[in-house]
Amino acid sequence: MNLYVKVGNFLDNIILTGMPGSGKSTIGVLLAKALGYSFVDVDLVIQEREGALLQEILNRQGTAGFLAVEEAAVLSLDCRRHVVAPGGSAMCRERAARHLSGLGPIVYLNVPLEELLRRIQNMAQRGIAMEPGQTLADVLAYRDPLYRKYADLIVDCPPGQPLDQTVQLVRTALTESGLFR
């Protein structure tokens, strides 16, 4: 396991960040269940607040408008004992990233591009904040430094790794880093 630990941020929420397809929501639900926490998916918060699917918001408001909507949803979060899965683009807005950092340790689920491409089958309907003509590789190249900048922990998730193993790696990383008890 490759693990990177930044100076501690010990609070009682856990924030999972990473690219679309990295497993934030799926891992988040399983991790919350294992810890006895609640789970919040910021993509669902956005859809509820806006009354529209993510892709519809992107189609209507463009990438910049979507990022503003996402930032507002993130800034509205005020929770304790939650696992939070923000959208993959949440780290693109500094205020949103700092707010998430203030809620608890941020764990970056680092998934290789090839695995992301394998996992994401519905790119055009997925609601991914990307400009026309951009590829997933372009988005990853832009976001990876942001994920790393705000991460308290980086957990590498190799292709084919079972979900329960990823959940256990995140739990172990959080415990061994002293960011979570």
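The values are calculated or read from the model by the stated rules, or taken from the named source; none is laboratory data. What you are looking at is a predicted structure, and each value in this text was computed from that prediction instead of being measured. Heads up, the Cβs are rebuilt from the backbone with ideal geometry, glycines too, and the neighbour counts pull from every protein chain shown.
If you go through region 26-35 one residue at a time, do you hit one that is modelled with pLDDT under 95 and in contact with a strand residue (DSSP E or B) (Cβ under 8 Å, 6 or more places away or on another chain)?
yes
Residues 95, 80: which one is surrounded by fewer than 18 Cβ atoms within 10 Å (Cβ to Cβ) and over 27 Å from residue 141 (Cβ atoms)? Walk me through it before giving the result.
Values: 95 fails: over 27 Å from residue 141 (Cβ atoms).
Only one candidate passes the filter, namely 80.
Every residue in region 72-89 that is modelled with pLDDT of 95 or more, in contact with a strand residue (DSSP E or B) (Cβ under 7 Å, 6 or more places away or on another chain) and either assigned to a helix (DSSP H, G or I) or not aliphatic (A, V, I, L, M) (or both), please.
82, 86
Does residue 28 count as in contact (Cβ under 8 Å) with a residue 12 or more places away in the chain and within 17 Å of residue 13 (Cβ to Cβ)?
When the stated conditions are applied, residue 28 passes them.
Residues in region 98-105: is at least one under 24 Å from residue 37 (Cβ atoms) and outside any helix (DSSP H, G or I)? It would help to see each step written out before you state the result.
Within region 98-105, the first condition is being under 24 Å from residue 37 (Cβ atoms), and the residues that meet it are 98-105.
Within this subset, residues satisfying the condition of being outside any helix (DSSP H, G or I) are 104-105.
Within region 98-105 (the criterion being under 24 Å from residue 37 (Cβ atoms) and outside any helix (DSSP H, G or I)), the answer is yes, since at least one residue qualifies.
Of the residues 151, 129, which is modelled with pLDDT of 95 or more, within 18 Å of residue 90 (Cβ to Cβ) and either out of contact with any Lys or Arg (no Cβ under 6 Å at 6 or more places or on another chain) or exposed (fewer than 13 other Cβ atoms within 10 Å of the Cβ) (or both)?
Numbers: 129 fails: modelled with pLDDT of 95 or more.
Answer to the check: 151.
Can you tell me which residues in region 7-21 are within 14 Å of residue 126 (Cα to Cα) and either assigned to a helix (DSSP H, G or I) or at pLDDT 95 or above (or both)?
Just the residues of region 7-21 that are within 14 Å of residue 126 (Cα to Cα), to begin with: 19-21.
Within region 7-21, 19 is the sole residue that qualifies.
For residue 74, indicate whether it is in contact with a helix residue (DSSP H, G or I) (Cβ under 8 Å, 6 or more places away or on another chain), in contact (Cβ under 8 Å) with a residue 12 or more places away in the chain and closer than 21 Å to residue 139 by Cα.
Values: in contact with a helix residue (DSSP H, G or I) (Cβ under 8 Å, 6 or more places away or on another chain): yes; in contact (Cβ under 8 Å) with a residue 12 or more places away in the chain: yes; closer than 21 Å to residue 139 by Cα: yes.
Here the answer is yes, as residue 74 does meet what is asked.
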